[in-house]
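The values are calculated or read from the model by the stated rules, or taken from the named source; none is laboratory data. Since this is a predicted model, take the numbers as computed values, not measurements. Cβ placement follows ideal geometry from the backbone for every residue including glycine, while neighbour counts extend to all protein chains displayed.
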Amino acid sequence: MLGWLWQRAAPPAVPPYGHDRALRDDRRGGKRSSSSLAAVALAVSLAACVDIQQGGDASEIENATGLYAMNARSPATAVTKTALVDFDVSAFPYSGMIPEKDKPFLDVATGGRRGHTSPSGNIVWEDQAYHDRRVLLSIPAGFDPGRPALIVVFFHGRNTLLQRDVVERQRVPLQLAESGLNAVLVAPQLAADAPDSSAGRFWEPNVFARFIDEAASHLASLYGHDGAREVFRAAPVVIMAYSGGYLPAAFSLAYWGDSRRLRGVILFDATYGELDKFANWIADRRDAFFFSAYSKSSAQESASLREMLSQRGIPFATSMGASLAGVTFQAAPAGIEHNDFLTRAWVADPVRAVLSRIDGFSRATTAARRKKT
């Protein structure tokens with residue numbers, strides 16, 4: 001199987017958007033606003049892309065790009081490295097049962113095709129939406145495995161494709177790079193461009209742990225040195241979810257929530273369900289942080305989660321502070337669109353804003369930070 005890779009030394013100028021597109025990402029099936037399209041700043045659309053053989057070692061990737069030479073004096077990456085890579089442990093394909101519902105995930109069969117009936121009643125076909133094993137990996141320029149590092153796992157929402165939406169429209173890799181966090185991004189393709197939030201294999205016990213283990217190997221290959229594998233295997237993890245991504249996030253917490261590696265959880269307009277799983281994890285991991293930002297779209301469920309925490313005597317803040325600690329709920333102003341929430345919420349580029357507040361994992365040295373401020 002072939003994957004693809006691009007590299008970017010600095011954010012390119014914002015190009016005009018070449019064509020209109022019906023964009024949908026609301027859990028209720030609404031249409032996306034096109035207001036964020038003009039702000040697209042993409043590495044993938046402008047950078048030179050090169051295919052790499054999945055499973056190849058670091059030398060094969062290095063030969064393919066000519067840009068993977070390491071500076072022996074500094075292990076930090078000189079350019080951002082981003083790729084879509086096939087995983088063995090992926091969200092889909094999935095043909096098991098839906099937890100707590102006692103029904104098969106693929107519950108429709110006709111004409112040799114199998115499909116899934118979504119909660120909204122739509123039939124989503126396996127061969128269209130539930131076959132993509134690819135995972136988006138991104139290592140920002142300046143990432144240094146010799147410094148404390150994080151893995152940020154991002155679960156996207158409905159009607160989403162990794163390149164078109166997570167990279168181009170929502171600019172998640174770019175926002176992580178601009179946050180200054182010494183972290184890498186791992187974002188699995190869930191239901192591909194479909195009105196469904198199913199967790200797939202993340203419904204199964206131990207799958208999230210196996211997924212993280214496999215990610216360490218692929219990240220080391222993308223980084224360009226096999227020795228980085230142990231760094232990625234030991235790095236703390238932050239789970240970040242948007243919209244329908246709450247479902248795989250909640251089950252990953254439930255099945256991996258006792259791991260000391262899980263440093264925190266970030267939800268962007270994503271408190272739509274499984275609130276007990278989030279509340280249980282918060283109660284069990286008082287040493288980790290939980291941050292949830294919401295618009296009108298998820299305000300009611302967010303209030304329910306706050307009430308659950310209050311009943312357990314768990315305190316929480318109601319606005320984002322200088323750093324992420326404890327439990328925080330952040331409301332977005334009236335008029336903020338759910339579909340644009342990752343680029344325009346209570347602040348511009350909220351992913352960047354939140355990630356920049358994770359203490360202890362800066363890419364900059366202390367001297368550089370002092371000079372910048």
ask   = With respect to PRO195, is the statement that it is of a type outside the set (Asp, Glu), in contact with a helix residue (DSSP H, G or I) (Cβ under 8 Å, 6 or more places away or on another chain) and closer than 30 Å to THR117 by Cβ true?
value = no
ask   = Residues in the range 283-292: is at least one surrounded by 23 or more Cβ atoms within 10 Å (Cβ to Cβ), more than 17 Å from the chain's Cα centre (by Cα) and modelled with pLDDT of 95 or more?
value = no
request  = Please verify whether the range 158-168 includes one or more residues that are basic (Lys, Arg), modelled with pLDDT of 95 or more, on the phi < 0 side of the Ramachandran plot and in contact with a Phe, Trp or Tyr (Cβ under 9 Å, 6 or more places away or on another chain).
outcome  = no
ask   = Of the numbered conditions (1) within 29 Å of ALA235 (Cβ to Cβ); (2) surrounded by fewer than 14 Cβ atoms within 10 Å (Cβ to Cβ), ALA76 satisfies every one except a single condition; which is it?
value = (2)
task = Residue by residue through the range 187-206, note down the ones that are part of a loop (DSSP other than H, G, I, E, B) and either β-branched (Val, Ile, Thr) or in contact with a strand residue (DSSP E or B) (Cβ under 6 Å, 6 or more places away or on another chain) (or both).
result = GLN189, ALA194, ASP196
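Listed here are the residues, each with its yes/no results for (1) part of a strand (DSSP E or B); (2) in contact with a Lys or Arg (Cβ under 9 Å, 6 or more places away or on another chain); (3) farther than 22 Å from ASP165 by Cβ.
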residue: ASP88; (1), (2), (3): no, yes, yes
residue: SER95; (1), (2), (3): no, yes, yes
residue: LEU106; (1), (2), (3): no, yes, yes
residue: HIS116; (1), (2), (3): yes, no, no
residue: ASP127; (1), (2), (3): no, yes, no
inquiry  = Cβ-Cβ distance below 6 Å, separation of 6 or more or different chains: which pairs start in the range 74-102 with a residue that is farther than 17 Å from PRO248 by Cα and acidic (Asp, Glu) and end on one that is surrounded by fewer than 20 Cβ atoms within 10 Å (Cβ to Cβ) and at pLDDT below 95?
reply    = ASP86/MET1; ASP86/GLN54
message = Can you tell me how many residues within the range 346-366 are in contact with a Ser or Thr (Cβ under 7 Å, 6 or more places away or on another chain) and part of a loop (DSSP other than H, G, I, E, B)?
response = 4
ask   = Here are some residues: ARG233, ARG263. Which one is without any contact (Cβ under 8 Å) to a residue 24 or more places away in the chain and outside any loop (DSSP other than H, G, I, E, B)?
value = ARG233
remark   = Across (1) surrounded by fewer than 18 Cβ atoms within 10 Å (Cβ to Cβ); (2) in contact with a helix residue (DSSP H, G or I) (Cβ under 9 Å, 6 or more places away or on another chain); (3) more than 23 Å from ILE212 (Cβ to Cβ), ILE123 clears everything bar (2)
query = Can you tell me which of ALA220, ALA241, ALA129, ALA215 is more than 30 Å from LYS296 (Cβ to Cβ) and either modelled with pLDDT under 95 or in contact with a strand residue (DSSP E or B) (Cβ under 8 Å, 6 or more places away or on another chain) (or both)?
reply = ALA215
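Each row is one residue, and each column tells you yes or no for (1) in a helix (DSSP H, G or I); (2) of a type in the set (A, V, I, L, M, F, W, C).
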{"site": "ALA220", "(1), (2)": "yes, yes"}
{"site": "PRO248", "(1), (2)": "yes, no"}
{"site": "TYR272", "(1), (2)": "no, no"}
{"site": "PHE291", "(1), (2)": "no, yes"}
{"site": "SER298", "(1), (2)": "yes, no"}
{"site": "GLY313", "(1), (2)": "no, no"}
task = State yes or no: is PHE143 more than 18 Å from ARG344 (Cα to Cα) and aromatic (Phe, Trp, Tyr)?
result = yes
message = Being hydrophobic (A, V, I, L, M, F, W, C), within 25 Å of ALA149 (Cβ to Cβ) and in contact with a Ser or Thr (Cβ under 9 Å, 6 or more places away or on another chain): is that true of LEU324 here?
response = no
